[in-house]
Amino acid sequence: MDQKTKHQKIKIAPAVIWGSSIFLGLLSSVPQIAALHFNVAEAAVNAAITAAFALVMWYFNIFMLSRQSDKKTGQTISYKRLIESLLFGLILMLGLAWIQQLILSHINFGPVMLMVEVRGILINLVFYMFLHLLQQNYENQTVSMELEQIKNDNLGAQYELLKQQVNPHFLFNSLNTLKAMVESGDEDAIDFIIKLSNFYRYTLESRKLDLIHLSEEMEIVNAYLFLQNARFEGGFTFKEDLPKHVLQTLIPPFTLQLLVENCIKHNVVSLDRPLHICLYEKDGKIIVENLIRLKSGDHNSLGVGLKNIQLRYFHLLEKEIEIINDGKFFQIKLPLINEYHHH
């Protein structure tokens with residue numbers, strides 16, 4: 001716990017303390033009120049003595065347990081504190097009984113003393129146990145809140161790391177492609193630089209967001225595809241067929257771009273047999289599909305991009321994505337997100 005939490009004292013509403021003390025005082029006088037020879041003075045003094053005792057013991061136990069809360073207490077009762085509280089209560093009740101004897105001198109002090117001491121012990125035990133349980137409940141809630149905060153901070157840190165994984169090697173490959181285009185005098189080099197600039201502008205703008213519209217994601221995908229076409233020169237095709245209403249749904253930034261990147265990264269891309277990538281909507285799912293032509297030594301890899309997306313969907317929405325591999329086609333099915341309620 002931090003210092004602010006550690007030193008926070010037990011708080012009981014004054015109305016509860018005073019109200020319960022007065023109630024106990026009145027309750028202690030019920031037997032006298034019900035007696036045949038009712039004495040108003042005796043009942044009033046008895047009620048006042050009991051109420052005063054209850055009031056003092058409330059504040060004394062709150063003070064004792066607040067001092068204890070500054071230390072690590074665990075879930076057990078501190079018997080040392082309990083004994084101290086009981087001893088203080090016995091001394092206090094002895095003093096109050098003596099005052100009662102001074103006011104009501106006709107009463108036999110012995111039986112009265114025994115009665116008020118037993119009453120005081122019972123009241124003190126009730127107050128101490130109630131405050132102890134209240135303190136333990138408060139400490140448990142505080143620990144739970146701190147653990148939840150640590151968990152949230154950890155998840156937030158993990159999510160930030162996920163977003164930092166986006167396109168770790170893409171810039172290097174793009175700059176190599178640009179270098180080759182400039183050296184060969186390719187006329188598309190200027191367009192390549194503009195698209196590369198746009199792509200990283202999208203990256204900077206979208207990285208701060210949890211979700212963006214699918215239409216904005218398609219701008220990122222199109223910029224990425226232009227750069228990859230310049231690099232692979234027709235080694236793959238991309239077909240997109242998304243209805244307008246689907247383009248207004250939400251998606252974690254760079255989801256489709258990472259899936260397209262995954263297709264290109266893990267499959268053979270060639271002019272003779274271009275890699276075919278399709279993007280469409282079916283049965284309330286966004287589907288990214290490609291013909292499987294895995295590169296040598298890449299048969300067991302799902303790709304960093306796919307793992308990234310799985311974690312982001314779970315972290316943000318607690319939803320699963322579907323992965324289908326029938327040996328011929330590889331499909332990723334993403335659930336449509338029409339609105340976002342943060343978990």
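Model label points for Gln310 and Ser270, set 7 angstrom from Cα along the Cα-to-Cβ axis, are 3.0 nm apart. With every protein chain in place and a 1.4 angstrom probe, the accessible-area ranking of Asp326, Asp191, largest first, reads Asp326, Asp191. Taken along the Cα-to-beta-carbon direction at a fixed 7 Å, the label points for Phe172 and Leu147 span 4.2 nm. A simple count of charges around Asp191, restricted to other residues whose Cβ falls under 15 Å of its Cβ and scoring Lys, Arg +1 and Asp, Glu -1, yields -2.
Can you flag which of Lys282/Lys328; Lys307/Lys333; Lys151/Lys319; Lys195/Lys244; Lys265/Lys333 are past 21 Å Cα-Cα? Checking Cα-Cα distances, Lys195/Lys244 exceed 21 Å. Averaged over its residues, the range 223-312 has an accessible area of 47 Å² per residue, based on protein heavy atoms and a 1.4 Å probe. Taking amide H atoms as placed 1.01 Å from N in the peptide plane, the amide H of Ser270 lies under 5 Å from those of Leu275, each 5 or more residues away in sequence or on another chain. When the scattering of the range 180-225 is computed by the Debye formula from its Cα atoms alone, each counted once and equally, what is log10 I(q)/I(0) at q = 0.19, 0.31 Å⁻¹? Each listed q corresponds, in turn, to -0.63, -1.11.
The values are calculated or read from the model by the stated rules, or taken from the named source; none is laboratory data. Because the structure is predicted, anything quoted here is derived from the model rather than measured. As a convention, Cβ positions derive from the backbone with ideal geometry for all residues, glycine included, and neighbour counts pool all protein chains shown. To get the accessible areas, we keep the full protein, side chains included, count just its heavy atoms, and leave off ligands, DNA and RNA. Shrake-Rupley method; radii C 1.70, N 1.55, O 1.52, S 1.80 Å.
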